[in-house]
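The values are calculated or read from the model by the stated rules, or taken from the named source; none is laboratory data. Please read these numbers as outputs of a predicted model, since none were measured by experiment. Cβ coordinates were reconstructed from backbone atoms using ideal geometry, including for glycine residues, and neighbour counts include every protein chain displayed. Quick note on the areas: whole protein, heavy atoms, side chains included, nothing else; ligands and nucleic acids left out. Shrake-Rupley method; radii C 1.70, N 1.55, O 1.52, S 1.80 Å.
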Amino acid sequence: MNGWKHAEGVVVMVLGVVLAGALALPSTAEGQSDAAEVPEFRVDPFWPPPLPNNWILGQAAGVAVDADDDVWLIHRPRSLDARQRGEHGMCCVPAPPVIEFAPDGTVLRSWGGPGDGFEWPENEHGIHIDHEGHVWVGGNAATDAHILKFTADGEFLLQIGRAGQSGGSNDTENLGRPAGIRVDAETNEVYVADGYGNRRVIVFDAETGAYRRHWGAYGERPDDAELPSYDPEADPIRHYRSPVHDVAVSNDGLVYVADRTNDRLQVFRKDGTFLREAFVRPATLGSGSVSGVTLSVDPDQQWLFIPDGTNNVVWVLDRATLTVRDHFGRMGMYAGQFHRLHNLAVDSRGNLYTTEVNSGQRIQKFVRLGGPDDAQQ
């Protein structure tokens, strides 16, 4: 990948478990998938162009792409220090929390922050655009026990949960510092990786907010018991650790859950039946290696893209086998490098968009080599 391609030193384990019936796999045959060309990417150092209005980004905590290939970002204006806020020296103006970019990086819309009738999160975390163009956002501060649904113009539609009311991993009304949000277009249900306080995936009706179901690691009932420290040599723990950082739903009805600090990805049916899991660089300690999960946009959704905020790489996994086929990136502040890589999204042309928290504070675009945008470079 432009000199970044490294396959050595990657340790991946895949465990298969079938609890009921045959294991559901992607429609691409395993042998065909193994022979397929692994997607490669090149950073576009000029995307996006400079922000208008002397804006500056805080920690970039979520990214999503809508049906028009517009790119949506949520960031944390309150993470900016006095100098960055323009209180000391000549820089700057904090951008609104939610920004919509056109495919060329031009800012189209921006909004967000406290308002009437809803509780804006204390620490923004995660954004999702559903099949009807609605914008979902959440937060992971200690008091953030809810998610919000808006129109594309920022008109408030729905709040699920109430700030400061988390009742733990089996509370069916409130969340616990939620991290990732996805709406399943087939059922109009919203899946939440919940998250930094709780240890579960929870599902609600996306129209009414009514509770549907929830589960913990391996599809079991979660609890909030104290857990031992992560040990890569020990048997896999039957709990999620903080945070359960992301969730994705494939076109063929599988649910993928990023269990970040356990260095693993778990796969379920939509009813919570556990199917299998994969460990990505399981020797990774601290913040863990599986920070998110995003599916590719080809008809079979052949690839999984896993942002890793500890090793600061994007892992490319074959979805049929859950094996690592490649990775790109490294720690650093130059274009194409990462400092606390957080999550990513993909557009209809196969390009990737990444966000960085901590002092990274940016969004980057990676053009898929051989794709339509690559031909324009």
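Of all residues in the range 212-265 being hydroxyl-bearing (S, T, Y) and surrounded by 21 or more Cβ atoms within 10 Å (Cβ to Cβ), which is nearest to T310 (Cα to Cα)? Even if it seems obvious, please write down each step before you answer.
Our first condition is that a residue be hydroxyl-bearing (S, T, Y); within the range 212-265, this holds for 218, 229-230, 240, 242, 250, 256, 261.
Of the ones still in play, those that are also surrounded by 21 or more Cβ atoms within 10 Å (Cβ to Cβ) are 240, 256, 261.
On the way: Y240: 18, Y256: 20, T261: 10 Å.
Among them, the one singled out is T261.
For the range 299-312, which positions are open to solvent by less than 10 Å² (accessible area, probe 1.4 Å) and either free of Cβ contacts under 8 Å to residues at least 60 places away in the same chain or closer than 21 Å to I127 by Cβ (or both)? Break it down into steps so the answer makes sense when it comes.
If we filter the range 299-312 for residues that are open to solvent by less than 10 Å² (accessible area, probe 1.4 Å), which is where we start, we get 303-309, 312.
Within the range 299-312, L304, F305, I306, P307, D308, G309, N312 meet the criteria.
Residues that are in contact with a Phe, Trp or Tyr (Cβ under 9 Å, 6 or more places away or on another chain) and modelled with pLDDT under 95, at least 3 per element: which strands (runs of 3 or more DSSP E) completely within the range 247-356 meet that? Lay out the reasoning, then the answer.
Numbers: elements: 254-259, 264-269, 274-280, 303-308, 313-318, 323-328, 341-346, 352-356.
Per the criteria, no element qualifies.
Does T354 satisfy being under 15 Å from V65 (Cβ atoms), among the β-branched types (V, I, T), open to solvent by less than 10 Å² (accessible area, probe 1.4 Å) and in contact (Cβ under 8 Å) with a residue 24 or more places away in the chain?
yes
What do you reckon, is V280 farther than 15 Å from H245 by Cβ and crowded, with 22+ Cβ neighbours inside 10 Å? Break it down into steps so the answer makes sense when it comes.
Numbers: farther than 15 Å from H245 by Cβ: no; crowded, with 22+ Cβ neighbours inside 10 Å: yes.
Judged against the criteria, V280 is not a match.
Among the residues of the range 39-53, which ones are touching a strand residue (DSSP E or B) at 6+ places or on another chain (Cβ under 7 Å), surrounded by 13 or more Cβ atoms within 10 Å (Cβ to Cβ) and in a loop (DSSP other than H, G, I, E, B)?
Kept after step one, since they are touching a strand residue (DSSP E or B) at 6+ places or on another chain (Cβ under 7 Å), are these residues of the range 39-53: 39, 41-44, 47-48, 51-53.
This time we only want the ones that are surrounded by 13 or more Cβ atoms within 10 Å (Cβ to Cβ), so: 39, 41-44, 47-48, 51.
P39, W47, P48, L51, listed by residue number.
List, please: which pairs have Cβ atoms under 8 Å, are six or more places apart or on different chains, and start with a residue in the range 287-298 that is of a type in the set (D, E, K, R) and end with one that is in a loop (DSSP other than H, G, I, E, B)?
D298/G350
Among the strands (runs of 3 or more DSSP E) lying completely within the range 55-132, list those that include at least 3 residues that are open to solvent by 40 Å² or more (accessible area, probe 1.4 Å) and under 18 Å from E155 (Cα atoms).
By residue number, 107-111.
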